[in-house]
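The values are calculated or read from the model by the stated rules, or taken from the named source; none is laboratory data. What you see is a predicted model; the values in this text were computed from it and never measured. Neighbour counts are summed over all protein chains in view; Cβ atoms, including those assigned to glycine, are modelled from backbone coordinates with ideal geometry.
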Amino acid sequence: MVPDDAGGGVMRTDVLSSPVAGLDEALAVVDAFDRVLTDGLLRPQPAQARALADLAGAVAASPLAATVAAAAEKAAAGAADEEHLLALAAARTALLGAAHDALRQVVAEATGRTTAAWTAPAPATQDAPNLLSAARAWLADLARAGWHGMDHDLVAGSAQVVTAMLPDPDLRRLAVLLDGFAGELAACCPGAGLERVPVRRWADLWSRALLLTHPGMTAAPSTGTVTGRLLPLGVDLQEHATAAQAQVLAVLEPADGSAPRLVRASVSAPKPDSVVGAGIWQLLRPRLSLLAAAGDGRAMTVTDLPVTAEGDLLWRDECAQPASPADPFATARAVLPTALDAPLAPLERHPVRLAAPVLVEGYTAHEDDGVLTFTLAGHPLTVDTGRIPAASPLTPQAVAASTACIGLLRWDAGAFALQPLAVETTVKRRTVGVHAGAWAGGTTDKAGAKAEAAATDTVAVLRERAGKLLRK
């Protein structure tokens, strides 16, 4: 994706800053409902009743209309049961899904790419209705108390449900979500003393968990297989105090000659907070051989590799072989403009899930008050340098001095922003690439090797201690 005067695809930055019809109104309704959850539904006040009525009005033209209207009326009277709350969560999720679809259409106009059609999986059966009912009851109690009304006893009510769910593979997704959600709430109890509440985040987690308690929603996604050449574009590394995840973004060229498609392969691992910087790659590298290929700028040939309908590769080393070198920038210029974007399942459609791989070049960069901006064809695009991982040679300074950038187009806080994954810059009159995932497979780079060596001792000691504990 480049400007008109540089050839290739066209980056229409003008559409990224244009207002999206109905978007602000939809998000305002969601925000008002989220405030309802903050205060709780035990004794609804007039402002909460208006917010519930607005939520019902926002979906009045949808198949949810009658169900949500009845649920809003019951909730406003303080008489909502679990099914009513489930309907309200569905309405909120539908509004955010509509916002996602509207923003994704803007991205499609900017990139010129199309999205592959979504194929709904066959309905699944659920074998643990009692556990789902118990989880739904706990989530309903949370909604009645609200974030300001929760206490340790209420939050601890999820523990038995989570423990019972974890052994069941079909329920593990919901169990992990409930466990993490409960952990966040417990760290903030009692709610009456909270000065700041992560309103949108907790409402997102509550709504998602409640919908996953609906029978059949926790089933594993349907999968197929792919065969062809995998061309990595970049690596998105996300780090938490106790966990890390790397996601390789790539273009798949199917062996059958069909249109190329965007795919992802992810790997995550728990980590102690003492492992930072390049040491993170030592935890992730053994779990995904694709990281080495991405770090080395090499393609891979895959044969009958499982993939979900949403473009997530279920990586198996026996299905993949290293192939010839493949420069991500050459891939981005020649193949990315014609690739199909992966679809998202209805439950996954949320503005925060927008992460479209793009190539921008021919821009001018300038920084103001610590905010870096690329200007393309007279239109500014904010660069989110805060997402650049510390475990890479890519730096905000390298991005600011770049001439081309592969990144993820995201939407947050009411505007689009670009998360850099790799840049081309000029060093001693030569154009060189600097990649966020350059150290993913190991490195001889001086700075990377030094950081890796410093982390090696820490990881080795932790593995030795873990081995002794397991032997005991």
- Note on the structure: Looking across region 297-309 at residues that are of a type outside the set (V, I, T) and buried (at least 17 other Cβ atoms within 10 Å of the Cβ), the single one that is modelled with the lowest pLDDT is A309
- Does at least one position in region 125-133 carry a residue that is in a loop (DSSP other than H, G, I, E, B), more than 23 Å from the chain's Cα centre (by Cα) and loosely packed, with under 15 Cβ neighbours inside 10 Å? yes
- Message: Is it the case, given these coordinates, that L283 is in contact with a Leu (Cβ under 8 Å, 6 or more places away or on another chain) and among the hydrophobic types (A, V, I, L, M, F, W, C)?
- Response: no
- Query: What are the residues in region 59-108 that are part of a loop (DSSP other than H, G, I, E, B), farther than 21 Å from L142 by Cα and not small (G, A, S), if any?
  - Reply: V59, P63, L64
- Working carefully through the options R261, R208, find the one that is at pLDDT 95 or above, closer than 20 Å to P357 by Cα and either within 18 Å of the chain's Cα centre (by Cα) or surrounded by 14 or more Cβ atoms within 10 Å (Cβ to Cβ) (or both). R261
- Task: Scan region 327-336 and give yes if some residue there is hydrophobic (A, V, I, L, M, F, W, C), surrounded by 15 or more Cβ atoms within 10 Å (Cβ to Cβ) and closer than 22 Å to T225 by Cβ, otherwise no.
- Result: yes
- Query: List, please: which pairs have Cβ atoms under 9 Å, are six or more places apart or on different chains, and start with a residue in region 83-103 that is more than 15 Å from W206 (Cβ to Cβ) and in the same structural domain as D31 (by TED's automatic domain parsing) and end with one that is at pLDDT below 95 and of a type in the set (D, E)?
  - Reply: G97/E348; H100/E348
- Query: So, of the residues in region 432-472 that are assigned to a loop (DSSP other than H, G, I, E, B) and small (G, A, S), which turns out to be modelled with the lowest pLDDT?
  - Reply: G442
- Go through (1) without any contact (Cβ under 8 Å) to a residue 24 or more places away in the chain; (2) buried (at least 16 other Cβ atoms within 10 Å of the Cβ) and name the single condition A187 misses. (2)
- Which members of region 381-406 meet the condition of being in contact with a helix residue (DSSP H, G or I) (Cβ under 9 Å, 6 or more places away or on another chain) and under 16 Å from E361 (Cβ atoms)? L381, V383, V399, A400, A404, C405, I406
- Query: G295 is checked against (1) of a type in the set (G, A, S); (2) part of a helix (DSSP H, G or I); (3) in the same structural domain as D179 (by TED's automatic domain parsing) and fails just one. What number does that condition carry?
  - Reply: (3)
